[in-house]
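One structure is given below, encoded as structure tokens.
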Amino acid sequence: ARKEAESTPSIMATLKALSLDGDGIASVCADRKGYTPAIAAFLNGVLGHSLDFDDTHADSSLHPSAPVVPAALAVGELVGASGRDVLTAIIAGYEVCCRLGNALDPTSHYAKGFHPTATAGTFGAAAAVAKLFKLSPDQIISAFGVSGSQAAGSLQFLVNGSWNKRSQVGAAAMNGVIAGTLAREGFMGSTKAVEGKHGLLVGYSDNAHPDAAVADLGTVWETMKVGVKPYPSCRYTHSAIDAMIAIKDELKLAPDQIESVEIGLHRNGITPTADPPEAKRRPTSTAAGHFSMFFPGPAVPDHGTFGW
């Protein structure tokens, strides 16, 4: 992602222009220098999400690693945590963001124009940080309260294949670090940031399912439902890509033998990859290609797979 993603130069130039590229104790992948924990979380979050190869939790329609893992790594280095403690924090973050994603109802959340990896991911990042800081229950409430004010992520990036999708996930990781640190230092955050009158489940969904956030908590692990992407594109395109590869291999089809391809999509997959079809048929950027079901249609029969 550091070399391949076309958005990376502008990200790095911005950090330099704002004097945010100074030395610190936290590591960034493929970088020899250290950064401050918040900036390291931001950079790792952006880079981790840039190629669209990151993992997916299907039920909540989000990618938990990009916001959660960078926050846990940055604060893990800050406190000198063991690998076991960092993994535990990551799992806590996964459970929080995936369960909140379930509770938001992905269909409703999408319909309101929100990007769940960034919105629910902010809370997941804060949960991982809270675990590493060993925050008290009241401090965790404050960390979630701050997260409720910072949770942001718009689907407007779909319109022109912009890079917002990458930056807002990095921001979620960074905001989780900031929220958890504020709480550790005594900052009083909002209460009922999830379920309150103006909380996450009210403002970000018209069909929330609060019970889904705590369903079978401690016995059913949403983390175990997370899958790794084989292709660098929206997860909703993957079943079709698998099918096209299998058909091509089984029938030994040459590209010129294929007249047309018809694909059915899950309703949540239509929003990011097929609507509006006239725009999705002609992606004009890498990011737009990630989110076009029409793009793999001819690419897979032509190349035999779908790689970066």
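The values are calculated or read from the model by the stated rules, or taken from the named source; none is laboratory data. Just so it is clear, the model here is predicted, and its values are computed rather than measured. Backbone-built Cβ (ideal geometry, glycine too); neighbour counts: all protein chains shown. Heavy atoms of the whole protein, side chains included, go into the accessibility calculation; ligands, DNA and RNA do not. Shrake-Rupley method; radii C 1.70, N 1.55, O 1.52, S 1.80 Å.
Highest GNM mean-square fluctuation among SER136, SER260, SER239, for the chain modelled with Cα contacts below 10 Å: SER260.
Gyration tensor analysis over the Cα atoms of region 53-148 returns equivalent ellipsoid semi-axes of 23, 15, 9 Å (largest first, whole Å).
Between GLY101, GLY83, GLY48, the GNM of the chain built on Cα springs shorter than 10 angstrom shows GLY83 fluctuating the most. For region 1-111, the equivalent ellipsoid built from the Cα gyration tensor has semi-axes of 26, 19, 11 Å, listed from largest to smallest. If you take the Cα centroid of region 244-296 and the Cα centroid of region 67-85, the two points sit 38 Å apart.
Reported to the nearest whole Å, the Cα centre-to-centre distance from region 1-50 to region 174-227 is 27. A 1.4 Å probe run over the protein chains yields, for region 50-162, 32 Å² of accessible area per residue, whole-number rounding.
You can think of it this way: the chain between ALA246 and TRP308 has 20.4 nm of extra reach, that is 0.36 nm per residue less the Cα-Cα gap.
Highest-first packing order for the peptide set 281-290, 147-156 is 147-156, 281-290, based on the mean count of other beta carbon atoms within 10 Å.
Here the average projected area of the convex hull drawn through the C-alpha atoms of region 12-70 stands at 4.4 nm². On a per residue basis, the convex hull of the C-alpha atoms belonging to the chain measures out at 140 Å³.
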